[in-house]
Amino acid sequence: MARANKSAPAPSESPNATETKSMAKKKPESSDDSALRLSLLREMLLMRRFEERTAEAYALGKIGGFCHLYIGQEAVGAGAISVLRPDDYVITSYRDHGQALARGITPRSVMAELFGRIDGCSKGKGGSMHLFDRNTNFLGGHGIVAGHIPIATGVGFAIKYRGGDQVCLCFFGEAAVNNGAFHEALNMAALWQLPVVYLVENNRYGMGTALERASSVNDIAERACSYDMPNEVVDGQDVIAVREAVTRAVARARGENTPTLIEVRTYRFMGHSMSDAVSGTYRSKEELDEYMKRDPIAVLRAQMEQRGEWSDDKMAAIDDEVRAIVEDAWNFADESPEPPLEALTEDVYVDTTSDTDTGVAAAGER
Amino acid sequence: MAIITYRDALNQALREEMQRDDRVFIMGEEVAVYQGAYKVSKGLLQEFGEMRVVDTPITELGFAGVGVGAAMVGLRPIIEFMTWNFALLALDQVVNAAAKMLSMSGGQFNIPIVFRGPNGAALQLSAQHSQSWESWLAHIPGLKVVAPGTPYDAKGLLKSAIRDDNPVMFLEGEMLYNIKGEVPEGEYTIPLGKAQVKREGDHVTIISYGKMINVANQAADILAKDGIRAEVIDLLTLRPIDTETIIASVKKTNRAVVVEEGWEICGMGAQIVDYVQRDCFDDLDAPVLRVHQVDVPMPYAKNLERAAKPDAQKTVAAVRQVLYLD
């Protein structure tokens with residue numbers, strides 16, 4: 001494929017857009033209305049309460065394996081995904097619970113997946129790191145650092161191939177930018193002008209290794225210059241700022257088939273996974289305390305207070321509501337059966353071909 | 001029936017399947033403007049255009065991943081590796097993404113993709129360009145692995161591979177592209193997962209696949225001059241493997257030799273011997289022997305390379321040994 005013309009082609013209507021199930025939640029329309037802020041606040045609170053209960057369930061042994069919490073980074077997933085249309089695509093790494101919820105996968109099916117139960121969004125086969133949902137075009141949770149970035153490029157290729165106007169939003173951590181897969185993927189996306197938004201969640205640490213100890217370039221967004229790709233740095237604790245940056249990138253992708261690299265500067269308030277101390281080894285308590293002053297929920301709260309949109313009673317009601325949703329998800333997951341043993345050998349192969357046009361093969365055409 | 005090369009048989013399969021289904025595209029190094037490093041994709045750019053015949057940078061991991069992503073959302077990519085030696089750089093996408101997506105998504109996302117290219121040694125390409133990876137690939141649940149050795153099989157199997165809704169690894173060979181054989185004009189496909197008895201016999205079973213099926217046939221010709229009737233089984237698909245055809249033949253001949261291009265340790269032959277010992281233990285009149293590459297990185301020098309490769313003479317010697325003739 002020759003390097004694409006950078007002038008904007010006429011956007012064509014996605015032939016499959018109408019087939020996509022409508023999202024359960026209403027998506028906010030504009031960055032500056034109070035309903036939007038309220039909706040994003042609720043979204044972030046849901047993630048926060050969900051992850052707090054996830055940590056408890058892990059401690060109780062109800063969740064096993066590796067488990068990576070999103071606490072502290074909620075504004076990134078909530079703000080970015082709020083920009084998308086239902087027929088757009090989302091793909092991410094293994095720290096995927098918050099993004100899955102923001103995309104509209106039900107808390108019940110996410111929690112059931114974490115519990116390894118049949119009603120999980122991946123039927124108990126994927127676990128915490130591999131949340132998938134075809135109904136919301138959530139293309140996974142992927143466990144190999146940077147491994148899913150070329151896949152996002154491929155989704156962008158498919159969109160362009162079909163003449164659609166969807167966008168693929170790809171999340172990954174800052175440690176992934178030192179991996180060859182990142183460079184190979186961004187080079188092709190820029191070369192071929194594909195509608196992909198690459199969003200780096202720079203939470204400062206790749207597991208326990210600080211950015212400065214791993215990357216020769218500390219401003220991650222500058223990496224995009226290697227590919228002549230538009231780029232931007234944004235405050236990841238400010239959900240509105242994230243939303244606005246992603247809105248610009250999505251517009252470039254949808255209208256001009258131009259990819260963007262967005263560096264979102266954030267911080268995780270918990271350990272890398274469930275096994276490391278929150279602070280004390282690779283980062284200090286003082287540093288953690290400093291960053292926690294910019295809790296994304298508190299940042300949005302301050303913005304709402306400034307506008308006179310905050311009331312303790314209203315917020316308490318929302319918190320009660322999301323806690324009840326999470327409680328319901330826990331109970332649902334707890335009661336959901338383990339996968340039957342027959343499931344062990346299922347879903348390794350499909351027995352369809354392009355001639356049979358049934359099952360997942362047919363569903364693949366969207 | 002037309003006599004055409006293995007290369008042209010593959011080219012016909014690609015062209016026919018791209019005409020048949022506009023979700024099918026081919027992507028890889030030099031597949032478009034250069035017309036294919038081995039000319040397998042010759043003429044496709046002119047017929048289908050640059051969106052469906054896509055030259056990539058030299059970025060195997062990257063474009064393998066692009067294929068997986070495109071397949072995930074409904075396209076049917078054919079990813080050409082200039083050789084499978086270079087595909088090592090892409091194995092994360094093959095193994096961790098293509099092979100596992102269906103399972104780890106609980107059956108939601110299948111990956112209808114073909115990864116194809118020449119596998120194994122050619123002539124004097126030395127160590128890094130002369131490797132046979134079929135046992136690595138066949139080890140992975142979620143992948144299908146196909147290795148045709150004739151033009152007829154190459155065309156029919158490639159068409160089936162492109163239509164299959166699973167990831168299919170399609171192993172060709174530089175030394176196969178120029179071989180000629182009969183290929184019918186009309187539409188046909190060959191099912192994946194079925195072996196063929198290429199030659200009937202009752203003294204010994206020679207089990208092989210891919211490029212080595214031609215070695216097996218040569219050996220059978222030589223053996224026939226001494227009155228030894230070898231049955232030659234072409235596996236065609238290495239995963240899922242057709243054990244029934246193997247077992248039925250060994251139960252008839254009571255002796256078997258496996259010919260494979262790769263190294264001995266954990267090679268395909270080891271797996272085949274396991275199937276045979278499980279199901280034919282009481283039928284065997286001799287231990288099953290294997291013919292394979294000598295356990296060294298492939299040397300450059302012509303004489304050393306020849307000594308390292310499996311060939312008809314080594315196969316004949318192994319057959320004579322299981323027949324207790326030598």
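Exactly one condition in (1) closer than 25 Å to B:K42 by Cβ; (2) hydrophobic (A, V, I, L, M, F, W, C); (3) surrounded by fewer than 23 Cβ atoms within 10 Å (Cβ to Cβ) is not met by B:I140; state its number. Among (1) closer than 25 Å to B:K42 by Cβ; (2) hydrophobic (A, V, I, L, M, F, W, C); (3) surrounded by fewer than 23 Cβ atoms within 10 Å (Cβ to Cβ), B:I140 violates only (1).
For segment A:344-356, a tally of residues being facing chain B (nearest Cβ under 9 Å) and of a type in the set (A, V, I, L, M, F, W, C) returns 2. Determine, yes or no, whether A:L199 is more than 30 Å from B:D22 (Cβ to Cβ), open to solvent by less than 10 Å² (accessible area, probe 1.4 Å), of a type outside the set (G, A, S) and more than 9 Å from chain B (Cβ to nearest Cβ). It is true that A:L199 is more than 30 Å from B:D22 (Cβ to Cβ), open to solvent by less than 10 Å² (accessible area, probe 1.4 Å), of a type outside the set (G, A, S) and more than 9 Å from chain B (Cβ to nearest Cβ). For the structure I just gave you, tell me whether A:V250 is in a loop (DSSP other than H, G, I, E, B) and closer than 30 Å to B:I113 by Cβ. Taking the combined requirement at face value, the residue does not satisfy it. For segment A:206-230, the tally of residues that are open to solvent by 60 Å² or more (accessible area, probe 1.4 Å) and in a helix (DSSP H, G or I) stands at 5. Does B:A98 count as closer than 26 Å to B:R20 by Cβ and within 11 Å of chain A (Cβ to nearest Cβ)? So B:A98 fits the description; yes.
Being within 11 Å of chain A (Cβ to nearest Cβ) and open to solvent by 20 Å² or more (accessible area, probe 1.4 Å) holds for only one residue in B:M51, B:M72, and it is B:M51. For B:Q218, the stated conditions do not hold, so it cannot be described as within 26 Å of B:P167 (Cα to Cα), among the polar types (S, T, N, Q), outside any strand (DSSP E or B) and not assigned by TED's automatic domain parsing to the domain that holds B:G120. The sole residue among A:A158, A:A152, A:A181, A:A176 that is part of a helix (DSSP H, G or I), within 18 Å of the chain's Cα centre (by Cα) and at the interface with chain B (Cβ under 9 Å from one of its Cβ atoms) is A:A152.
With respect to being at pLDDT 95 or above, assigned by TED's automatic domain parsing to the domain that holds B:L91 and of a type in the set (D, E, K, R), B:E172 fits the description. What is the one condition in (1) open to solvent by less than 10 Å² (accessible area, probe 1.4 Å); (2) not in a loop (DSSP other than H, G, I, E, B) that A:S122 does not satisfy? So the condition that A:S122 fails would be (2). Among all residues of segment B:80-91, there is at least one that is in contact (Cβ under 8 Å) with a residue 24 or more places away in the chain, open to solvent by less than 10 Å² (accessible area, probe 1.4 Å) and closer than 25 Å to A:F132 by Cα.
If you go through segment A:231-256 and keep only what is open to solvent by less than 50 Å² (accessible area, probe 1.4 Å) and modelled with pLDDT under 95, you end up with just A:G255. Only one of these is within 27 Å of A:P296 (Cα to Cα), under 14 Å from the mean Cα position of the chain (by Cα), in a loop (DSSP other than H, G, I, E, B) and more than 11 Å from chain B (Cβ to nearest Cβ): A:V90, A:V83. Name it. Within the list A:V90, A:V83, the selection yields A:V83. As for segment A:261-281, it holds no residue that is among the charged types (D, E, K, R) and part of a helix (DSSP H, G or I). State which residue is farthest from B:R320 (Cα to Cα) when the search covers only segment B:184-213 and only residues that are polar (S, T, N, Q) and surrounded by fewer than 20 Cβ atoms within 10 Å (Cβ to Cβ). Checking each candidate, the answer is B:T189. When the residues of segment A:112-149 are filtered to those that are more than 13 Å from the chain's Cα centre (by Cα) and at positive phi, which remaining residue is nearest to the other protein chains (Cβ to nearest Cβ)? That would be A:K123. Among the residues of segment B:221-268, those identified as touching a helix residue (DSSP H, G or I) at 6+ places or on another chain (Cβ under 7 Å) and assigned to a helix (DSSP H, G or I) are B:I222, B:L223, B:T243, B:I246, B:I247, B:V250, B:M268.
The sole residue among B:I233, B:I247 that is outside the structural domain of B:A37 (by TED's automatic domain parsing), free of Cβ contacts under 8 Å to residues at least 60 places away in the same chain and farther than 23 Å from B:Y152 by Cβ is B:I247.
The values are calculated or read from the model by the stated rules, or taken from the named source; none is laboratory data. Predicted, not measured: the structure shown is a model, and the values here were computed from it. Heads up, the Cβs are rebuilt from the backbone with ideal geometry, glycines too, and the neighbour counts pull from every protein chain shown. Each accessible area value is taken on the protein alone, full model and side chains, heavy atoms only, with ligands, DNA and RNA left out. Shrake-Rupley method; radii C 1.70, N 1.55, O 1.52, S 1.80 Å.
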